[in-house]
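The values are calculated or read from the model by the stated rules, or taken from the named source; none is laboratory data. Worth saying up front: this structure is predicted, and the values here are computed from it rather than measured. Glycine gets a Cβ as well: all are built from the backbone with ideal geometry, and neighbour counts include every protein chain shown. Calculation scope for accessible area: heavy atoms of the full protein, side chains included, ligands and nucleic acids excluded. Shrake-Rupley method; radii C 1.70, N 1.55, O 1.52, S 1.80 Å.
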Amino acid sequence: QVQAVESGGGLVQTGDSLRLACAASGSASRSYNMAWFRQAPGKEREFVAALTWTGKTHYADSVKGRFTISKDNAKNTGLQMNSLKPEDTAIYYCAARGPYLADISVSADAYKHWGQGDQVTVSS
């Protein structure tokens, strides 16, 4: 099965940049679609960005133009976060679904594999 571990979170100030990494295990991850979700206290899990195994990307309107999802290497799926705002504060989760799916999903229910989450805090 596909396993994922997030890293790179931390405490930053408004306007700073941060890069998260999702380390995936298992050879099947090469054919899986990857995504980032986030969840703030008292709120439901929110879609952030997705990347299909074929290279198609999709972003939530709230992060479009500021965040970039990419496959950094065979193991890692990165999320580059620029111009961070306090409203970006949340626990960020890496998720995977597949294999061999061409479509993008923004629904958390569509993803079967999840990381443990990594806290990102943006202070003002």
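Some points to look at:
- Qualifying residue in the range 87-110 (condition: open to solvent by less than 10 Å² (accessible area, probe 1.4 Å), in a loop (DSSP other than H, G, I, E, B) and not acidic (Asp, Glu)): no
- Of the listed requirements (1) in a strand (DSSP E or B); (2) over 17 Å from residue 8 (Cα atoms), residue 68 misses just one: (2).
- Applying the condition of being closer than 12 Å to residue 107 by Cα and assigned to a strand (DSSP E or B) to the range 39-58 and asking which residue is most open to solvent (accessible area, probe 1.4 Å) yields 46.
- Restricting the range 59-86 to residues that are modelled with pLDDT of 95 or more and basic (Lys, Arg), the residue that is most open to solvent (accessible area, probe 1.4 Å): 64
- From the options 89, 57, residue that is of a type in the set (S, T, N, Q), under 17 Å from residue 6 (Cα atoms) and either free of Cβ contacts under 8 Å to residues at least 60 places away in the same chain or out of contact with any strand residue (DSSP E or B) (no Cβ under 7 Å at 6 or more places or on another chain) (or both): 89
- The residue that is least open to solvent (accessible area, probe 1.4 Å), among those in the range 111-124 that are of a type in the set (Gly, Ala, Ser) and touching a helix residue (DSSP H, G or I) at 6+ places or on another chain (Cβ under 8 Å), is 123.
- Pick from the range 17-37, criterion small (Gly, Ala, Ser) and over 13 Å from residue 94 (Cα atoms), ranking: surrounded by the fewest Cβ atoms within 10 Å (Cβ to Cβ): 27
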